[in-house]
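The values are calculated or read from the model by the stated rules, or taken from the named source; none is laboratory data. None of the values given here were measured: they were computed from a predicted structure. With ideal geometry, Cβ positions are generated from the backbone for all residues, glycine too; neighbour counts draw on all protein chains shown. Heads up: the accessible areas ignore ligands, DNA and RNA and are worked out on the full protein's heavy atoms, side chains in. Shrake-Rupley method; radii C 1.70, N 1.55, O 1.52, S 1.80 Å.
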Amino acid sequence: MSTTDWPLWEVFVRSRRGLSHTHAGSLHAPDAELALRNARDLYTRRGEGVSIWVVPAAAITASSPDEKDPFFEPAADKPYRHPTFYEIPEGVKHL
Amino acid sequence: MATAAAQRTTRTADSAPDTVDTAAYQHAFDAAVAADERIEPRDWMPDAYRATLVRQIAQHAHSEIIGMQPEANWITRAPSLRRKAILMAKVQDEAGHGLYLYSAAETLGTSRDELLDKLHSGRQKYSSIFNYPTLTWADVGAIGWLVDGAAITNQVPLCRCSYGPYARAMVRVCKEESFHQRQGYELLLALSKGTPQQHAMAQDAVDRWWWPSLMMFGPPDDESQHSAQSMEWKIKRHSNDELRQRFVDICVPQAESLGLTLPDPDLRWNEESGHHEFGPIDWTEFWDVLKGNGPCNEQRITQRRRAHAEGAWVREAAAAYAAKHTGGTGGTGEAGHETGAQRA
Amino acid sequence: MTATGPATVPVTAALALGDDALVLSHRLGEWAGHAPVLEEEVALANIALDLLGQARILLSLAGDEDELAYLREERAFRNLQLVEQPNGDFAHTIARQLYFSTYQQLLYAELAAGDGPFAPLAAKAVKEVLYHRDHAEQWTLRLGDGTETSHERMRSACEALWKFTGEMFQPVEGLEADWARLEAHWQESVTDVLDRATIPLPEGPRTGAWSAGAGRQGLHTEPFGRMLAEMQHLHRSHPGASW
């Protein structure tokens, strides 16, 4: 038996209040409690965070890169979703 | 950032379904590298690219954890509490860097255990520099200034390496390394300006570490086995000799400010080239140490193996406890899955 | 040792607390490069660094931190014998951590709540120590209730160190604490953790027949002299040098 029996965890850190958690890296731990503590020691030892999530790496569902085009391209041709799409006469405020 | 988990599903991308045209994948990969885009774990990549990365990242990670030993050798003897705190924090950082790098290697489908096995059995290497002993306190300073300095020179370009997880790990590592180099320089400065004995101790350390530090950049360009292909893949961005020259040019004025001399009678400024010329490197020593004949090869790997073996019962206990109390939470990291929706 | 510190700080107490932190930090520092798993290298170093930070503040209250750490003889150190015990295997280190950090956290919480000279320091340190205590408890559970081997190692470590736990509750001159209540809380807390870890509470005496339990009076165990020899030799080899 070896650390293979310690599953891989992905670590997400909120660097300060008001920001969302972002992926910081991964680590091995036998369970969630120790994963959280290891993450605290490893990824926030220079004061990089105020909150941590750990997620078993196995629990992550990811999109497939092979399907990159059909999955994401349809979103690229809908500029009307973005505010810059609309022309507003000069001088109109609070819009 | 792509996760290690996300990668696991597609580690077989190389052996893509028969129907898929490998040439098209290769083309997309080449185009991405040419356009300076990052390759991410789930992207298709050539087998040789993957193998090169695993080898390089693993060697890098191994160097971090073996590199803890020569400096940890002085933690219990640090001559002031301030220095002791700095040194402990530094050695701790090296463990952390090892962890970042093993994580990056794991996104390529190789577990940390496999990599550690290869280290322990000698099938993968670590940087030869750590096979030299730390004989005095000044060696801690020389390692910080010269060894970490050479490492940073090597590593800063790696922050732009074509493989995303490696590049991101290096950004984190480089940020932390600059503290390492500065503390080493400051330590040597204190010795150099201290008592005559302290000054002599500092000079002796620089005399011993200078040449091995120059060897850290690897063999000369015309003898370097992997360089050309790595440059093409943008894993590597500068040649060994280029980086070595850059390092020498940085160190010469720093040594002057330290009040220490570099042990090279041939060292001189070349007005024309705008660089410092330096004497021939003893590559026989380099290859000899690399082959296992350095002063500490045996000692370093033995300590590493022992720590790993003596820790086995602890790792087993924690795994057993987790299995009892959480019904064996997690997966093995192999189970990352794609949604049915995408498949449909 | 009376006139060195600021008038408001009881020097004996600053030395007792400072030496505890200094010596335990040193012992934990010996783990560097030897921990059972890489993640634990980072964790143990974090704890060692917290303790060293506390030690530096406390010793500075009593005098010059380096003079006190490097130039005192063994008999002048006021730390508990518990913290000077060699690391042993990981179970011994964790047992030592459990006993000490539980004590330190309870004591510092009490000091932080008061208005004595150590209140500001204790208020900051108690947060660090809470984490040390949590780390020790987590590992006590895992080793105690892990495999047969780990259970046996943890049990024997808890027993071996038990005789050093009595000295923690001797009143320290200059520290205002309710020592009897502290001891009761400590016993309750350690009993609870060991119980959850399926480790029987050790039954032996909590102080030794002669010297065990006299660290606060400057009587130490044999391994401590060697530890100091290693720690102090470089500093002492260069009298008056600065580093």
For C:ALA160, which of the numbered conditions (1) away from chain B (no Cβ under 14 Å); (2) more than 30 Å from B:ALA72 (Cα to Cα); (3) aliphatic (A, V, I, L, M) fails to hold?
(2)
Can you list residue pairs whose Cβ atoms sit under 7 Å apart, with the first residue in the stretch B:172-185 being over 21 Å from B:TRP210 (Cα atoms) and the second being hydrophobic (A, V, I, L, M, F, W, C)? Count only pairs 6 or more apart in sequence or on different chains.
B:CYS174/B:ILE152; B:CYS174/B:VAL156; B:CYS174/B:CYS159
Taking the residues in the stretch A:63-81 that are open to solvent by less than 60 Å² (accessible area, probe 1.4 Å) and small (Gly, Ala, Ser) as candidates, determine which candidate is modelled with the lowest pLDDT.
A:SER64
Counting just the residues of the stretch B:270-300 that are crowded, with 17+ Cβ neighbours inside 10 Å and part of a loop (DSSP other than H, G, I, E, B), which one comes out nearest to the other protein chains (Cβ to nearest Cβ)?
B:CYS296
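Taking the stretch B:113-133, which residues are open to solvent by less than 10 Å² (accessible area, probe 1.4 Å) and within 14 Å of chain C (Cβ to nearest Cβ)? Let's see the steps before the verdict.
Applying the first criterion (open to solvent by less than 10 Å² (accessible area, probe 1.4 Å)) to the stretch B:113-133 yields B:115, B:119, B:129, B:131.
Scanning the stretch B:113-133 gives B:LEU115, B:LEU119.
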Can you give me the number of residues within the stretch B:145-157 that are open to solvent by less than 20 Å² (accessible area, probe 1.4 Å) and under 14 Å from the mean Cα position of the chain (by Cα)?
8
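Can C:SER237 be described as within 20 Å of C:LEU98 (Cβ to Cβ) and hydroxyl-bearing (Ser, Thr, Tyr)?
Values: within 20 Å of C:LEU98 (Cβ to Cβ): no; hydroxyl-bearing (Ser, Thr, Tyr): yes.
The answer is no for C:SER237.
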Considering only residues that are more than 7 Å from chain B (Cβ to nearest Cβ) and surrounded by fewer than 21 Cβ atoms within 10 Å (Cβ to Cβ), which ones fall in the stretch C:54-79?
C:ILE57, C:SER60, C:GLY63, C:ASP64, C:GLU67, C:TYR70, C:LEU71, C:ARG72, C:GLU73, C:GLU74, C:ARG75, C:ALA76
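Listed residues B:SER162, B:SER224; which is away from chain C (no Cβ under 14 Å), surrounded by fewer than 22 Cβ atoms within 10 Å (Cβ to Cβ) and of a type in the set (S, T, N, Q)?
Values: B:SER162 fails: surrounded by fewer than 22 Cβ atoms within 10 Å (Cβ to Cβ).
Among B:SER162, B:SER224, only B:SER224 is away from chain C (no Cβ under 14 Å), surrounded by fewer than 22 Cβ atoms within 10 Å (Cβ to Cβ) and of a type in the set (S, T, N, Q).
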Please enumerate the residues belonging to the stretch C:61-79 that are outside any loop (DSSP other than H, G, I, E, B) and aromatic (Phe, Trp, Tyr).
C:TYR70
Regarding the stretch C:114-132, can at least one residue be identified that is open to solvent by 10 Å² or more (accessible area, probe 1.4 Å), within 14 Å of chain B (Cβ to nearest Cβ), touching a residue at least 40 places away in the same chain (Cβ under 8 Å) and of a type in the set (A, V, I, L, M, F, W, C)?
no
Matching residues in the stretch B:101-112 - criterion: being open to solvent by less than 10 Å² (accessible area, probe 1.4 Å) and in contact (Cβ under 8 Å) with a residue 60 or more places away in the chain
B:LEU101, B:ALA104, B:GLU106, B:THR107, B:LEU108, B:GLY109
Count of residues meeting criterion [more than 8 Å from every other protein chain (Cβ to nearest Cβ) and either in contact with a strand residue (DSSP E or B) (Cβ under 6 Å, 6 or more places away or on another chain) or more than 15 Å from B:ILE143 (Cβ to Cβ) (or both)] in the stretch B:75-100:
0
C:ARG216 meets each of (1) surrounded by 18 or more Cβ atoms within 10 Å (Cβ to Cβ); (2) facing another protein chain (nearest Cβ under 10 Å); (3) out of contact with any Ser or Thr (no Cβ under 7 Å at 6 or more places or on another chain) with one exception, condition (2)
Assuming C:ALA48 fulfils every condition listed in (1) open to solvent by less than 20 Å² (accessible area, probe 1.4 Å); (2) touching a residue at least 60 places away in the same chain (Cβ under 8 Å); (3) within 13 Å of chain B (Cβ to nearest Cβ) apart from one, which condition is it?
(2)
If you go through the stretch A:45-64, how many residues are without any contact (Cβ under 8 Å) to a residue 40 or more places away in the chain and more than 11 Å from chain B (Cβ to nearest Cβ)?
4
I'd like to know if the stretch B:172-190 contains one or more residues that are of a type in the set (D, E, K, R) and within 18 Å of B:LEU262 (Cα to Cα).
yes
Counted residues, the stretch C:227-241 - those being in a helix (DSSP H, G or I) and either more than 29 Å from the chain's Cα centre (by Cα) or crowded, with 17+ Cβ neighbours inside 10 Å (or both):
6
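Restrict the check to the stretch C:196-205 and report whether at least one residue is without any contact (Cβ under 8 Å) to a residue 12 or more places away in the chain, under 30 Å from A:ASP31 (Cα atoms) and among the polar types (S, T, N, Q).
First, the residues of the stretch C:196-205 that are without any contact (Cβ under 8 Å) to a residue 12 or more places away in the chain: C:201, C:203.
Okay, now just the ones that are also under 30 Å from A:ASP31 (Cα atoms), so C:201.
In the following step, the residues that additionally are among the polar types (S, T, N, Q) were identified as none.
No, every residue in the stretch C:196-205 fails to be without any contact (Cβ under 8 Å) to a residue 12 or more places away in the chain, under 30 Å from A:ASP31 (Cα atoms) and among the polar types (S, T, N, Q).
Quick test for you: out of C:ALA35, C:ALA43, C:ALA16, pick the one residue that is of a type in the set (Gly, Ala, Ser), in a loop (DSSP other than H, G, I, E, B) and either closer than 19 Å to C:LEU82 by Cα or modelled with pLDDT of 95 or more (or both). Please lay out each step first, then the result.
Values: C:ALA43 fails: in a loop (DSSP other than H, G, I, E, B); C:ALA16 fails: in a loop (DSSP other than H, G, I, E, B).
Just one listed residue meets the conditions, C:ALA35.
Can you pull out every residue in the stretch C:16-34 that is on the phi < 0 side of the Ramachandran plot and either open to solvent by 10 Å² or more (accessible area, probe 1.4 Å) or facing chain B (nearest Cβ under 7 Å) (or both)?
Taking the stretch C:16-34 as the starting set, the residues that turn out to be on the phi < 0 side of the Ramachandran plot are C:16-32, C:34.
Answer for the stretch C:16-34, where residues must be on the phi < 0 side of the Ramachandran plot and either open to solvent by 10 Å² or more (accessible area, probe 1.4 Å) or facing chain B (nearest Cβ under 7 Å) (or both): C:HIS26, C:ARG27, C:GLY29, C:GLU30, C:TRP31, C:ALA32, C:HIS34.
Would you point out the residue of the stretch A:21-31, among those that are buried (at least 17 other Cβ atoms within 10 Å of the Cβ) and within 7 Å of chain B (Cβ to nearest Cβ), that is farthest from C:THR147 (Cα to Cα)?
Residues of the stretch A:21-31 buried (at least 17 other Cβ atoms within 10 Å of the Cβ): A:24-31.
So of that shortlist, the ones also within 7 Å of chain B (Cβ to nearest Cβ) come out as A:25-28, A:30-31.
Numbers: A:GLY25: 30, A:SER26: 27, A:LEU27: 23, A:HIS28: 19, A:PRO30: 14, A:ASP31: 16 Å.
Per the stated criteria, the residue is A:GLY25.
Quick grid of which residues meet (1) modelled with pLDDT of 50 or more; (2) within 7 Å of another protein chain (Cβ to nearest Cβ); (3) open to solvent by 30 Å² or more (accessible area, probe 1.4 Å):
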| site | (1), (2), (3) |
| --- | --- |
| B:THR302 | yes, no, yes |
| B:ARG306 | yes, no, yes |
| B:GLY311 | yes, yes, no |
| B:ALA318 | yes, yes, no |
| B:GLY331 | no, yes, no |
| B:ARG343 | no, no, yes |
